[in-house]
1. Over 29 Å from Gly411 (Cβ atoms) and modelled with pLDDT of 95 or more: is that true of Phe681 in this structure?
2. Go through Val577, Val596, Val566 for me and flag whichever is of a type in the set (A, V, I, L, M, F, W, C), modelled with pLDDT of 95 or more, touching a strand residue (DSSP E or B) at 6+ places or on another chain (Cβ under 9 Å) and surrounded by 24 or more Cβ atoms within 10 Å (Cβ to Cβ).
3. Out of segment 198-222, which residues are outside any helix (DSSP H, G or I), within 26 Å of Gly117 (Cα to Cα) and within 12 Å of ligand 1 (Cβ to nearest atom)?
4. Determine which single condition Thr558 fails, assuming it passes every other condition in (1) touching a helix residue (DSSP H, G or I) at 6+ places or on another chain (Cβ under 6 Å); (2) closer than 18 Å to Val796 by Cα; (3) not hydrophobic (A, V, I, L, M, F, W, C).
5. When only residues in segment 224-244 that are modelled with pLDDT under 95 and in a loop (DSSP other than H, G, I, E, B) count, which is surrounded by the most Cβ atoms within 10 Å (Cβ to Cβ)?
6. Just to verify a result, which residue in segment 765-812, among those that are part of a loop (DSSP other than H, G, I, E, B) and hydroxyl-bearing (Ser, Thr, Tyr), is farthest from Gly405 (Cα to Cα)?
7. Check Thr692 against each of (1) outside any loop (DSSP other than H, G, I, E, B); (2) within 30 Å of Leu760 (Cα to Cα); (3) at pLDDT below 95 and name the one condition it does not meet.
8. Check segment 758-766 and report whether any residue there is closer than 21 Å to Ala391 by Cβ, among the small types (Gly, Ala, Ser) and touching a Lys or Arg at 6+ places or on another chain (Cβ under 8 Å).
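The values are calculated or read from the model by the stated rules, or taken from the named source; none is laboratory data. It should be emphasised that the depicted structure is a prediction, and the values quoted were computed from it without experimental measurement. Cβ placement follows ideal geometry from the backbone for every residue including glycine, while neighbour counts extend to all protein chains displayed.
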Amino acid sequence: MFAINAKDAGTPAAEGEPVTLSIDGAEVTVPAGTSIMRAAAAAGGAIPKLCATDTLKAFGSCRVCLVEVEGQRGYPASCTTLVAPGMKVKTESEKLRQLRKGVVELYVSDHPLNCKGCPADTHCELQNVAADLGVTTSPYGFEGANHRSAPCDDSNPYFQFDPSLCIACSRCVRACDEVQGTFALTIEGRGFGSRVVASQDESFLESECVSCGACVESCPTAALSEKPLAIMGRPQKAVTTTCAYCGVGCSLEAEVKGEQVVRMVPSRDGKANRGHACVKGRFAYGYATHADRITTPMIRKQITDPWQPVSWDEAFKYAASEFRRIQGQYGRESVGGITSSRCTNEESFLVQKLVRAALGTNNVDTCARVCHSPTGYGLKHTLGESAGTQAFDSVMKSDVIFVIGANPTDGHPVFASRMKRRLREGARLIVADPRAIDLVHSPHIQADFHLPLRPGTNVALINSIAHVVVTEGLVNEAYVAERCEPAPFQKWRDFVSLPQNSPEALAEVTGVPAELVRGAARLYATGGNGAIYYGLGVTEHSQGSTMVLGIANLAMATGNIGREGVGVNPLRGQNNVQGSCDMGSFPHELAGYRHVSDATTRALFGAEWGVQIEPEPGLRIPNMFEAALDGSFKALYVQGEDMAQSDPNTQHVTAALSALECLVVQDLFLNETAKYAHVFFPGSSFLEKDGTFTNAERRISRVRKVMQPLAGLADWEATVGFARALGYEMNYSHPSEIMDEIARLTPTFTGVSYEKLDRLGSIQWPCNDAAPDGTPTMHIGQFVRGKGRFYVTEYVPTSERVNVRFPLILTTGRVLTQYNVGAQTRRTANSQWYEEDVLEIHPQDAEDRGIGTGDWVGITSRAGETVLRAVVTERVQPGVVYTTFHFPDSGANVITTENSDWATNCPEYKVTAVQAVKVQRPSDWQRRFREQNEQQLGLLRGATAAARSRQ
Ligand code: SF4
Ligand code: SF4
Ligand code: SF4
Ligand code: FES
């Protein structure tokens, strides 16, 4: 059912040459390929419709939209009839009215207009069309065969399917096919017997449905409707905001009643998502008001003490006095902060400002350290800018899509749907991944090449692809000569041409047959517009930065950067990982990726902030942990990040956190890191504040407040309070003023303001005098650094090798329904689809070990041991096991090691040598974890009870 603010032109926009026609006597000009229905909407009219909607191709089944066309016999359907020059169309006449009325009366005979109490009341298209035509009942009566007693399917936790309200318009089926690309629904039977069926006539929950909600959105009645709508009633208004989950950054309409969200509807104007969303953004927002939310600031001396609820002022004063005491005792550099990739740009900016200006150190880092820091390094060095090159729309102009180390259908589902749409239109697909991810083979999608490389051999693979490009004469010589530095290119060309970089020589290393590599290389280099999309399977390696350099080399060598349809595109994990990096969260860079050693940049920031900025880079997260363990680092302010669960080698991390004298955690929940904290600042969800997020396409989008912060302060206000308690004045009355400061200080943001964001909807940086409305495609004409620079990318095997003791390689990833450490999604009904982390193991490895699906498996690495339930599957190759880290007590990061990228310290999550054996009980770590968890929850319960009694 439609969003309350949605406008619908009936059929999708066309892009042809202008065509002028007459509709009801008025001239209208539209692109060729436009339907009469859409042309009528452009002329300000509205032809009644039921089976048509502008997000789906016209179908022409309901016959409500009939019109008269001069010179044509009969009454063509306006949704399926295209405009023609000079056409004369009549959309209203008594005859048309009678025809339409007859059709609607038939519908009403099986779907009486008992609208009172229906969730779709006033937003039902059948109800509205019937009202326009004056239909209140059906002359056919209600006694005949009908569907009114068909049972409702309420298996899905978020929406229900009531077949008694279905008018068999097929919009849901087409939405699942065309928009989502899952093909979970069909219309079974014919005529009166037609009915909507999920998969093999299963319930929605058991079917292939991925709960994206596209069918619900497209349903013209309440046959498919969100459950809260039935309980809470109609929303009163819609607030446009941005999803707080992944880096796609979908624009959503939060439809609210008072301060309560009734439902989230993907925004049709959203340039990142074009009216689509996934199960997380669309439905899994209930964590924001979950009973586990902590809404009172708390302090304690020791982590074994009960938490004491205090006022915000007391919490600020206590934290500030501890930080100042520690700096006095151990030195200025003994403290630091972590910004959050989940909080807004403005909030990340303030945390790094607090660290640099109020604490006087560059010891600030961000969780991007553990995901995409190699992207920043690799793209900055080769192209000159630490960001992806394209807008998501660009994929619709790609001819060859090369996905490397990413699983978009799970990690970036809305973008995956766009990509799949382009693939169904005929684009070719190459997937490089150790696992057979869904994209390799799914309904109407078949990868041309799947390169199932061994984890840890990315650089060998990219070198062997480059070898084919260079030695088979597939380099775009003119592009390279015009746009790249010649000497480094020649060096790279000589290097990749070496026989040891041939696919044949490296097949032994990568495990990928040479002919597959050769075929994929030829396709990428010669198949037209080639676009690379990559994820953490590229960056989270000891050679993560080298691989990003290698990807950029390949794209430059084939001329695939600087126009639509091509490019190098990191798929960012968290909602604001791009933004937190842009905002100067790294210890060596101020906002806009300017090095702290640059005196001019320091002077600019120093003058604005009234301080001297230190010229030396500060500590990275792993260095902070090392320093904590050696006793030189004693206090840390962590905003919205759960290192105790998300960072590698959990036991090392928790030992470091335990060594701190003051750990301040700002979060929605008592996360794993907060169990080691001395001060807790209750966080605010994306629904409780204003701000901006920046997605993977550099798109800055507004986050808008729909409810007051549950703890009284938004995250940015808490940082201001902490800074003031430290004696450093921050004065902002609204986050727009923080953005104004960012724009004053950051050349790529000079033209960004809330006024412009409100006007344009969103902006892709750089946005400045040279690009006042932003920059969808980067590096057009020339690279940001001037000439593109090639780098030699020698393959250096990781030191994390298999041996007799640890014969398997563990690699990690994520699933669609859970998100990162799971703190949000575990507190929603999404857990119905995925309630624990499991270990995927190949049948051959499972058989060798006597392991079956459902068995407990002990996984041991050089770092530690944990126990997970097994799933035996051929998705993984022999010798490789796979898991996720969405649940704290599965302890996936107890076994990952501290190996990290040589340039950025991004951990090598994707390669851990392990052994797997069948076991009967949890690991020692898991038993200790559960005890500690119980103890910490007990210490929290006391504080919660005390806070309640004070209210
Ligand atoms: S929710 Fe999405 S995946 Fe499920 S049936 Fe509807 S459109 Fe298809
Ligand atoms: S469920 Fe809704 S969208 Fe699907 S066929 Fe029925 S009325 Fe149409
Ligand atoms: S694709 Fe990402 S941004 Fe979009 S709704 Fe899903 S989780 Fe949110
Ligand atoms: S809206 Fe045109 S036939 Fe249904």
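1. yes
2. Of Val577, Val596, Val566, the one residue that is of a type in the set (A, V, I, L, M, F, W, C), modelled with pLDDT of 95 or more, touching a strand residue (DSSP E or B) at 6+ places or on another chain (Cβ under 9 Å) and surrounded by 24 or more Cβ atoms within 10 Å (Cβ to Cβ) is Val566.
3. Those that are outside any helix (DSSP H, G or I), within 26 Å of Gly117 (Cα to Cα) and within 12 Å of ligand 1 (Cβ to nearest atom): Ser203, Phe204, Leu205, Ser211, Cys212, Gly213, Cys219.
4. (2)
5. Among them, the one singled out is Pro235.
6. First, pick out the residues of segment 765-812 that are part of a loop (DSSP other than H, G, I, E, B): 765-767, 769-770, 772-782, 784-785, 787, 789-807.
Keeping just the survivors that are hydroxyl-bearing (Ser, Thr, Tyr) gives 775, 777, 791, 793, 795, 798-799.
Working: Thr775: 26, Thr777: 23, Tyr791: 21, Thr793: 18, Tyr795: 17, Thr798: 17, Ser799: 20 Å.
Result: Thr775.
7. Thr692 satisfies all of (1) outside any loop (DSSP other than H, G, I, E, B); (2) within 30 Å of Leu760 (Cα to Cα); (3) at pLDDT below 95 except (3).
8. Yes.
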